[in-house]
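Here the structure comes first, spelled out in structure tokens, and everything after it is commentary.
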Amino acid sequence: MKILVTGGAGYIGSHVLKRLLEAGHDTVTLDNLSKGHKEAVLGGKFIEGDIGDKELLDSIFTEHDIEGVIHLAADSLVGESMEDPGKYYHNNVAKALNLLEAVVENNVNYFVFSSTAAVYGEPEAVPIVEEHPTNPENVYGESKLFFEKILKRYDEIHGLKYISLRYFNAAGADPEGKIGEAHDPETHLIPIVLQTALGIRDKIYIYGDDYPTKDGSCVRDYIHVNDLADAHLLAVEALADGKNSDIYNLGCGDGYSVKEVIETAKKVTQKDFEVEVSERRAGDPAVLIAGSEKIKDHLGWQPEYQDLEKIISTAWKWHKSGGFRDE
Ligand code: UFG
């Protein structure tokens, strides 16, 4: 199958792309390299460009016989979305709609969308299942929810078949060591902890230890990026096999606190480093744990990396290697 991967040079996109190539699919990657790394594109055709460029999209769909689109190109920082909402509505909704128009006009039938647990907001109950109400607390989550609603209408009106994947906390790196997480600036817990273990940072701050959790720090559901990648492959193949549109959570179903992540990282890296408790970060729910039974039932998805130590070990291997050279 020939698949267009938008954002395929990014952290999650590059792992998705690798998985598609391993499964024997033909790929075209479209990425504007605003955050991604060209080195992360391990095969297939690469086009540097923007999902907002309609002419470019039309030329891609005319030149290549694209059957499915996996759309990951987006801005994804919760904090930034609350300072610059226009950027998020523009890039994650308006430009994504431009892509969707080109998809429909060019008769592409299958669309996999990279969504987020941030669509739920503060959970009323955990584990969070797909039927949980969606009340995003930040613009990032809201921008993804808007696009999910657009997809639903495009299915009703144009017959577009889509799967929306609501990721919990993506973590880890491909064990082969060529690709991994490299954000600039970095805001995510595991890479920051590992940068502290490497001495790149002086200390790690725990953002609040007065939450109503087992040890006072926030609890999250960490899912290995290769397990996320598998879900995209299953999703696009299921659509091509006639599966109906749907929405799925993606997490492991285990909750680890910030303190547990730090302790596990100390064990994996065999390094001790300074840890300081600081103020809560705005907009952080206390506990986010996924109920992912639906994707297991419907698509046969199973995470390979259930255990935090294994997830952090793959990230540590990547961080020790120094990451991408274009950094
Ligand atoms: N944290 C710290 N110190 C740090 C960095 C993070 O204590 O230096 C804490 C955060 O407060 C949070 C936890 O570690 O409690 C995890 O934080 P991350 O920034 O790694 O991840 P988030 O849970 O905030 O965000 C992730 C994705 C978002 C997505 C969100 C869904 O990165 O894209 O889950 O809720 F929107």
Quick one: how many residues across region 19-28 are under 24 Å from residue 168 (Cα atoms) and either buried (at least 24 other Cβ atoms within 10 Å of the Cβ) or free of Cβ contacts under 8 Å to residues at least 12 places away in the same chain (or both)? 1
I'd like the residue in region 183-208 that is within 9 Å of the ligand (Cβ to nearest atom), in contact (Cβ under 8 Å) with a residue 60 or more places away in the chain and in a loop (DSSP other than H, G, I, E, B) and, out of all such residues, is farthest from residue 280 (Cα to Cα). 187
Across region 209-248, what is the number of residues that are more than 11 Å from the ligand (Cβ to nearest atom) and within 15 Å of the chain's Cα centre (by Cα)? 13
Out of the residues in region 148-172 meeting the condition of being among the aromatic types (Phe, Trp, Tyr) and away from the ligand (no atom under 14 Å from the Cβ), tell me which one is most open to solvent (accessible area, probe 1.4 Å). 154
Would you say residue 81 is in contact (Cβ under 8 Å) with a residue 60 or more places away in the chain, assigned to a helix (DSSP H, G or I), among the small types (Gly, Ala, Ser) and under 26 Å from residue 170 (Cα atoms)? yes
Within region 97-124, of all residues that are small (Gly, Ala, Ser) and within 16 Å of the ligand (Cβ to nearest atom), the one nearest to residue 61 (Cα to Cα) is 114
Look through 125, 117 and report the one residue that is open to solvent by 20 Å² or more (accessible area, probe 1.4 Å) and among the small types (Gly, Ala, Ser). 125
Matching option when the condition is under 23 Å from the mean Cα position of the chain (by Cα) and open to solvent by 40 Å² or more (accessible area, probe 1.4 Å), among 68, 49, 86: 86
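The values are calculated or read from the model by the stated rules, or taken from the named source; none is laboratory data. What you are looking at is a predicted structure, and each value in this text was computed from that prediction instead of being measured. FYI the Cβ positions are ideal-geometry reconstructions off the backbone, even for glycines, and counts take in every protein chain you see. Accessible surface is based on the protein model in full, side chains and every heavy atom, while ligands, DNA and RNA are left aside. Shrake-Rupley method; radii C 1.70, N 1.55, O 1.52, S 1.80 Å.
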